[in-house]
1. Which members of the stretch B:158-187 meet the condition of being assigned to a loop (DSSP other than H, G, I, E, B) and more than 9 Å from chain A (Cβ to nearest Cβ)?
2. I'd like to check something: does the stretch B:18-33 contain any residue that is in a helix (DSSP H, G or I) and either β-branched (Val, Ile, Thr) or at pLDDT 80 or above (or both)?
3. Among the residues of the stretch B:105-142, what is the count of those that are part of a helix (DSSP H, G or I), of a type outside the set (A, V, I, L, M, F, W, C) and within 14 Å of another protein chain (Cβ to nearest Cβ)?
4. Being surrounded by fewer than 18 Cβ atoms within 10 Å (Cβ to Cβ), modelled with pLDDT of 90 or more and more than 19 Å from A:THR122 (Cα to Cα): is that true of A:LEU90 here?
5. Just checking, how many residues over the stretch A:297-353 are among the small types (Gly, Ala, Ser), within 14 Å of chain B (Cβ to nearest Cβ) and over 20 Å from the mean Cα position of the chain (by Cα)?
6. Select, from B:GLU103, B:GLU97, B:GLU108, the only residue that is over 29 Å from B:ARG24 (Cα atoms) and crowded, with 16+ Cβ neighbours inside 10 Å.
7. Among the numbered criteria (1) of a type in the set (Lys, Arg); (2) within 14 Å of another protein chain (Cβ to nearest Cβ); (3) under 30 Å from A:VAL332 (Cα atoms), which single criterion is violated by A:ARG38?
8. Is at least one residue of the stretch A:14-25 within 13 Å of another protein chain (Cβ to nearest Cβ), among the hydrophobic types (A, V, I, L, M, F, W, C), over 20 Å from the mean Cα position of the chain (by Cα) and not in a helix (DSSP H, G or I)?
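The values are calculated or read from the model by the stated rules, or taken from the named source; none is laboratory data. Keep in mind that this is a model prediction, so the values were computed, not measured. As a convention, Cβ positions derive from the backbone with ideal geometry for all residues, glycine included, and neighbour counts pool all protein chains shown.
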Amino acid sequence: MNSRGDGFFPDEVILQILARLPVKSLFMCKTVCKLWYRLSADKYFVQLYNDLSVKNLMVLVEVSEASDSKSRLICVDNLSGVSEFSLDFLKDRVKIRASCNGLLCCSSIPDKGVYYVCNPMTREFRLLPRSRERPVTRFYPDGEATLVGLACCSSSQKFNVVLAGYHRSFGHRSDGTFICLVFDSELNRWRKFVSFQDDHFTHMKRNQVVFVNGSLHWLTGSSCILVLDLHYDIWRKMSLPGEVSYGSGNRIYLLESDGCLSVIQISDAWLNIWVLKDYEREEWHLADRVSLRCVRGLVPGIFPISQTGEYVFLATHKQVLVYQRKKRVWKVMYSVNNSSALPLWFSAHAFRSTIFSCY
Amino acid sequence: MADDGVNTKVEAVSKATTETIELRTEDGGVFDVDKPVAMEFLILKSFYEDEGRVFDKTSIRLPNVKQLELSKVIEYCTRALEFGAKSAAAAGDKDAERMVRQEREGFEAEFVDELSNEMLKELILAVNFLDIKEMLDFLIRSVANRIRNRSVAYVRQFFDIENDFTPQEEDQIHQENAWAFEGVDAD
């Protein structure tokens, strides 16, 4: 030991250094000494690490080659480019259903109704208990939930998984009820609640679910956002910005932007970014107008996947692009060389690297 | 040394165009620092801007800072203020903003490249003591970059830390997170 006694640096400085390491290096540094092992597990540190990770957003894409039925995962990161990604540690073939604050909710492909929540960076995972008592048979054929949402609260470090869909008796039409199953990570249990059918439920856009302010938000096909408040298990509606509307070639997407709800509207010449600055008063603010002139050829098939105040990740059939807002520069981050079976945007998810725990 | 902390002799300062503050380091260094630069050191700023108290000392002793570190700190903070001013002047002009940003990035890269590991560590301690947030963040990021993906042995040697785990304990943690130890850069 040196003359300074406890160590060269005060604990706070060590925490700040550790908070800037990639997850792999951080976990390796746990074996440096007992102090570092303790500091890296500290709840304050976990929050610090996760808060810093917000700035580096990534995109996870499932790439399936046309030649074989296997697909692989890649991770696109603004700072370090493209890397292979694997969920092999789950020891199951899975499909990613939702992503939130560094956790993924995946469903088993061979085993219907089996869900995992995992942190692919730390390789922790949790097999969720079955959501229904009876096994899936042809007499209870809801099948897989229509909608899957994952809500990870960074301050409490608890999470919820929401499975929602229509209840149908075998052979009959929907009986007018919309069922939600909510998994509580703290109680390790599912709870169920039922809402009456609302036309908007039929038009919810599956992949665009955003967790902010303790609620899950889904975009619908009409001019509203459906909000599931997880404290009270209540659905409510929220309006889109007044100037945003479907029709005449406008496409609308719901994303997160630095912890706020955001709507991206794409027309043939412009990409408009709206951010909900005041959640309580539902005040939208036009944060940016991006000209699509230089990517004109891609516009029909361009989809925003994730964003921060500094950049936006988008995907087309074959490419993942990033738009840097301050520099006003477009860059291709990844391209598939041969034709892949599915367009890339189809299974692309926003992602960030955190040390959020699933336990 | 018989010094008791802050130098109580108030020196008569001839009013130059920029007001300066004299900073004395623990190893006898004396620096005349422009006041705006010195005010970046929050530890000093809090003395000068304390309400209801006029702090008229123009010479201050910094007990935990050595002259080599202070000269580096002054260099960085002076340039940082210059870049801030240039950035403000370029506001609205995308090309000019980009040029300032690139110039700053170039300066910072060169600044940190010239620092040995020892010097980087000493600077962090000095800047932590002087409470200069932006520079501390910059130096911490630089240390993180130097140790990322390096072996545990390297990290221990870098921070001068002794391993206080028993071989069995270390082995167990290693097993729990075996994936983290793959593909590490060679020392």
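1. Looking only at the stretch B:158-187, we keep the residues that are assigned to a loop (DSSP other than H, G, I, E, B), and these are B:160-166, B:177, B:182-187.
B:THR166, B:ASP185, B:ALA186, B:ASP187 - these are the residues of the stretch B:158-187 that are assigned to a loop (DSSP other than H, G, I, E, B) and more than 9 Å from chain A (Cβ to nearest Cβ).
2. From the stretch B:18-33, those in a helix (DSSP H, G or I) are none; that's our starting set.
Among the residues of the stretch B:18-33, not one is in a helix (DSSP H, G or I) and either β-branched (Val, Ile, Thr) or at pLDDT 80 or above (or both), which makes the answer no.
3. Taking the stretch B:105-142 first, the residues part of a helix (DSSP H, G or I) are B:105-113, B:117-130, B:133-142.
Imposing the further condition that a residue be of a type outside the set (A, V, I, L, M, F, W, C) reduces the set to B:105-106, B:108, B:110, B:113, B:117-118, B:121-122, B:128, B:133-134, B:137, B:141-142.
Remaining after also requiring within 14 Å of another protein chain (Cβ to nearest Cβ): B:105, B:117-118, B:121-122, B:128, B:133-134, B:137, B:141-142.
The qualifying residues number 11.
4. Working: surrounded by fewer than 18 Cβ atoms within 10 Å (Cβ to Cβ): yes; modelled with pLDDT of 90 or more: yes; more than 19 Å from A:THR122 (Cα to Cα): no.
Spelling it out, it is not the case that A:LEU90 is surrounded by fewer than 18 Cβ atoms within 10 Å (Cβ to Cβ), modelled with pLDDT of 90 or more and more than 19 Å from A:THR122 (Cα to Cα).
5. Total meeting the criteria: 0.
6. Working: B:GLU103 fails: crowded, with 16+ Cβ neighbours inside 10 Å; B:GLU108 fails: over 29 Å from B:ARG24 (Cα atoms).
On inspection, the qualifying residue turns out to be B:GLU97.
7. (3)
8. Let us first name the residues in the stretch A:14-25 that are within 13 Å of another protein chain (Cβ to nearest Cβ), namely A:14-25.
Among the residues that remain, those that are also among the hydrophobic types (A, V, I, L, M, F, W, C) are: A:14-15, A:17-19, A:21, A:23.
Filter once more, keeping what is over 20 Å from the mean Cα position of the chain (by Cα): A:14-15, A:17-19, A:21.
Okay, now just the ones that are also not in a helix (DSSP H, G or I), so A:19, A:21.
Yes, the stretch A:14-25 has at least one match.
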